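What follows is a single structure, written as structure tokens, with notes after it.
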Number of protein chains: 2
Amino acid sequence: MLEASPVSRPRVTLADLAQAAGVSRTTASLVMTGRGRELRISHDVEQRVLRAADELGYRPNAVSVGLRTGTSRTIGFVSDTVATSRLAGDMIKGALEAARERGVMLFIGETEGDPALERGLLHAMQDRQVDGIILAAMYTRTIKVPKDIGPAVLLNALPKPASGLPSIVPDEVGAGRSAARLLLEAGHHEGVYLIGAGPRLRDGPAASVAAVERLVGIRETGLKIAGARACAEWQPEEGLAATRSLLADHRPRALICLNDRLALGAYQALADAGLSVPDDVSVVSFDDHPIASWMRPKLTTVALPHYELGRKAVQVLFDQMGEEAEPGQVHRVAMPVRHRDSVKPR
Amino acid sequence: MLEASPVSRPRVTLADLAQAAGVSRTTASLVMTGRGRELRISHDVEQRVLRAADELGYRPNAVSVGLRTGTSRTIGFVSDTVATSRLAGDMIKGALEAARERGVMLFIGETEGDPALERGLLHAMQDRQVDGIILAAMYTRTIKVPKDIGPAVLLNALPKPASGLPSIVPDEVGAGRSAARLLLEAGHHEGVYLIGAGPRLRDGPAASVAAVERLVGIRETGLKIAGARACAEWQPEEGLAATRSLLADHRPRALICLNDRLALGAYQALADAGLSVPDDVSVVSFDDHPIASWMRPKLTTVALPHYELGRKAVQVLFDQMGEEAEPGQVHRVAMPVRHRDSVKPR
DNA sequence: CTGTTAGCGCATTCAG
DNA sequence: CTGAATGCGCTAACAG
């Protein structure tokens, strides 16, 4: 049986399906949307339609459904900058997976901090009738949420003027507590220094909520901070410089670095000074950046739960659309400790 | 003047616009799609429509346009795994930017190597009438392209059974040449060892085309390779082990590491052996992973042009849709050298 | 030069 | 239990 093999077989529509099954489009639609049962369509007919659908490979045209129903089973993920640093990567991955579980697709876009770009992106998404929007920031901070944004959640960000939108953020205070406790439990009650910020709460990089919250958490444990070196940027070079400066005047027994990149620099300074990690000085850090497990010794650090943050964002977005949720709720996601080899009991 | 301020103002449709401007929907449509000129619509009417559109904030409903025209100004980006490692991140960023320049949105999805997942994703995208698809792989390799995929390009991948689809890949052979020449020009004619693969072409990680092509490029320069240590996985630990093993028997003057993570391990082994980079041994590498500029001394490496790859993918996708392009063409994107501090002339 | 008519593919009253 | 009719918002023939 010779059959024409079109280069690109045209999509099979509901009408095609109805015809093949010998029923009306309505009936076919009813069956396919699963409402055949409640409307008591004959089991016989139902099977006929289902089989035809299977044979023809019928799939409803999502665009048409969208036009008809106003929904698109699509959400937009817009981040301020580089939806691409490893950071954002895992957030997207989490969001992606949670979305897939719900049969939802993800648009992504980056605003690069440009409000005009942001507006354009939001419009492009709204024009495509997205069901909701995830507004993500690369590092935890406050953001101004555009008006008329529709259903949305803030990811890794808090609304500057309160907006009623829910927020998903890492539990930085808890992370600070974890880091400090971990040191305390290892017997480090003194000689603990801070690299990257502090000791005063406002001694961190400007708009960084991570800095102040981590400090708050550390304080809560009662751990006594012997001293600190602030850094404007949390990059390895600054960690190196800060630690070198610290070592000029002090003999730390433990370092809390405000993030892994700083810790990398600290390692270098420690090595330069002939100090061994963790024999001479223990090091704890935050983020669980990939390098943390490449360093020698592997770095003990409190992980940013990027993946979970992403997952939670779409979950909250859908919960919110479903029912009335408490407005402006902020969801804090725990930051788990990654115990590795840079802390030693004394 | 008091005005009702609806919580969510209903979208303004073409009909609203037409009515406000006192014209028919067709006329409004013509003006808005810019074809008013060629059809010689009175300048007066045109201005009237344009102004009304501006005042009402009219924006065409993309879903409806999609249903009508079959196009969606949307493309899908599906990667095999983790569209999120820093690697993929920059590819997505490049694609995103190129897409934005064309007024196109990006769907993203990950197959995690699962063919069923891949089919589902592709379907979900096709159901939404994407105009084209970018099939991306995280590390350069061959992939089997699903049938009936429609307009598509392969990103960082080659089709296993030839498929006629264009491919965008980094010019790994050129990268190999660059790395070798760089050493040659620094006077390193001997004592050059390989970490990660070789010296035979097939001595790399299995499906990795990067390994063999980089080796090919190195060979082309005539650079004499004094020896090599292969690694199954290109991770820091293996680089450390391989280099340590190498140092047990040889005194290299230069190392070519097949990627930056291996180089990180090599640095550690070199340090352990009391050897200085670059005074005692020069190191060149590939990828330009973020750590390359965090290492001390900063690592000279040949960069994977992720961003450019992403850009080029959407560019080729659109070119291909526009006209007849040579089928199965493979586009090689140059890999630029990042001169830093790990190579010293001898 | 502009308005009328007709679908795109689907979901949904409303009659039979 | 099923079919005919309607419209989502827009574009494209085809008349006026």
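The values are calculated or read from the model by the stated rules, or taken from the named source; none is laboratory data. All values derive from a computational prediction rather than experimental measurement. Neighbour counts are summed over all protein chains in view; Cβ atoms, including those assigned to glycine, are modelled from backbone coordinates with ideal geometry. The protein model used for the area step is the full one, side chains on, heavy atoms only, and it has no ligands, DNA or RNA in it. Shrake-Rupley method; radii C 1.70, N 1.55, O 1.52, S 1.80 Å.
Below are the figures for this structure:
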item: Check: the stretch A:218-282 dipole with +1 on Lys, Arg Cβ and -1 on Asp, Glu Cβ, in debye; result: 240 debye
item: GNM result for chain B, Cα springs below 10 Å: residue of B:ALA180, B:ALA162, B:ALA152 fluctuating most strongly; result: B:ALA162
item: Choice from A:ASP279, A:ASP287, A:ASP131 with maximal GNM fluctuation in chain A (Cα, 10 Å cutoff); result: A:ASP279
item: GluC sites (Glu not before Pro) lying in DSSP loop within the stretch A:8-79, provided at most 10 other Cβ fall within 10 Å; result: A:GLU38
item: Considering only the protein assembly as shown, percent of DSSP beta bridges that pair antiparallel, nearest 5; result: 10 percent
item: For the stretch A:92-118, residues shielded by at least 50 square angstrom of accessible area compared with the chain on its own, probe 1.4 Å; result: A:LYS93, A:LEU96, A:ARG100, A:MET105, A:PHE107, A:ILE108
item: The protein assembly as shown - charge dipole about Cα centre, Lys and Arg +1 at Cβ, Asp and Glu -1, debye rounded to 20; result: 0 debye
item: Size of the A/B contact, given as accessible area buried on both chains, probe 1.4 Å, in Å²; result: 4600 Å²
item: Relative contact order, percent, the stretch A:58-185 [alpha-carbon distance under 8 Å, six or more residues apart]; result: 23 percent
item: Using θ = phi - 60° and Karplus 6.51 cos²θ - 1.76 cosθ + 1.60, couplings along the stretch B:98-108 (whole Hz; Gly, Pro as x); result: 4, 5, 4, 4, 9, x, 10, 9, 10, 8, 10
item: In sequence order, calculated HN-Hα J values of the stretch B:272-289 (Karplus, 6.51, -1.76, 1.60; Hz; x Gly/Pro); result: 4, 7, x, 9, 9, 9, x, 4, 8, 9, 7, 9, 10, 8, 9, 3, 6, 5
item: R0 of 35 Å, Cβ-Cβ distance A:GLN19-B:ALA15: FRET efficiency to nearest 0.05; result: 0.60
item: Cα-centre dipole for chain A with unit charges at Cβ (Lys and Arg positive, Asp and Glu negative), debye to 20; result: 280 debye
item: Percentage relative contact order, chain A, counting C-alpha pairs under 8 Å, at least six apart; result: 17 percent
item: Nm distances between copies for B:VAL330, ranked from closest, using label points 7 Å along Cα→Cβ; result: 5.2
item: Computed over the stretch A:77-144: relative contact order in percent, which uses C-alpha pairs under 8 Å that are six or more apart; result: 51 percent
item: Label point 7 Å beyond Cα along the C-beta direction, distances from B:ALA241 to other copies (nm, shortest first); result: 3.9
item: Greater than 31 Å apart at Cα, pairs in A:LYS312/B:LYS93; A:LYS160/A:LYS298; A:LYS224/A:LYS312; A:LYS93/A:LYS144; result: A:LYS160/A:LYS298; A:LYS224/A:LYS312
item: The stretch B:14-60: Cα Rg divided by the 2.2 N^0.38 Å rule of thumb; result: 0.96
item: Nonlocal amide H pairs with A:LEU194, under 5 Å, H built at 1.01 Å; result: A:GLY227, A:ALA228, A:ARG229, A:ILE256
item: C-alpha long axis of helix A:306-322 to longest principal axis of chain A, angle in °; result: 40 degrees
item: Antiparallel bridge percentage (DSSP; both residues within the stretch B:196-346; nearest 5); result: 20 percent
item: Chain A - percent of accessible surface contributed by carbon and sulfur, probe 1.4 Å; result: 51 percent
item: Other-copy label distances relative to B:ARG346, 7 angstrom Cα-Cβ extension, nm; result: 4.4
item: Per residue value of the accessible surface for chain B (all protein chains in place, 1.4 Å probe), Å²; result: 45 Å²
item: Selected from A:TYR267, A:TYR58, A:TYR139 as most flexible by GNM, with chain A as the system and alpha-carbon contacts under 10 Å; result: A:TYR58
item: Amide H within-cut-off set for B:SER342, under 5 Å, with H built and near neighbours excluded; result: B:THR300
item: Shielding by other protein chains, B:59-68, mean Cβ within 10 Å; result: 6
item: Within 10 Å of each Cβ in B:289-296, the average number of Cβ atoms from other chains; result: 5
item: Nearest 10 degrees, 0 to 90: helix A:115-127 Cα axis against chain A principal axis; result: 30 degrees
item: Loop GluC sites (Glu not before Pro), the stretch A:255-346, which have at most 10 other Cβ atoms in a 10 Å radius of their Cβ (DSSP); result: A:GLU323, A:GLU324
item: Loop-located trypsin sites (Lys or Arg not before Pro) in the stretch B:117-220 whose Cβ has at most 14 other Cβ within 10 Å (DSSP); result: B:LYS144, B:LYS147, B:ARG200, B:ARG202
item: Surrounding net charge for A:SER29, when Lys and Arg each add one and Asp and Glu each subtract one, Cβ distance under 11 Å; result: +3
item: Computed [θ] at 222 nm, deg cm²/dmol, the protein assembly as shown (DSSP H ≥ 4; -39,500 (n - 2.57); rounded to nearest 500); result: -12500 deg cm²/dmol
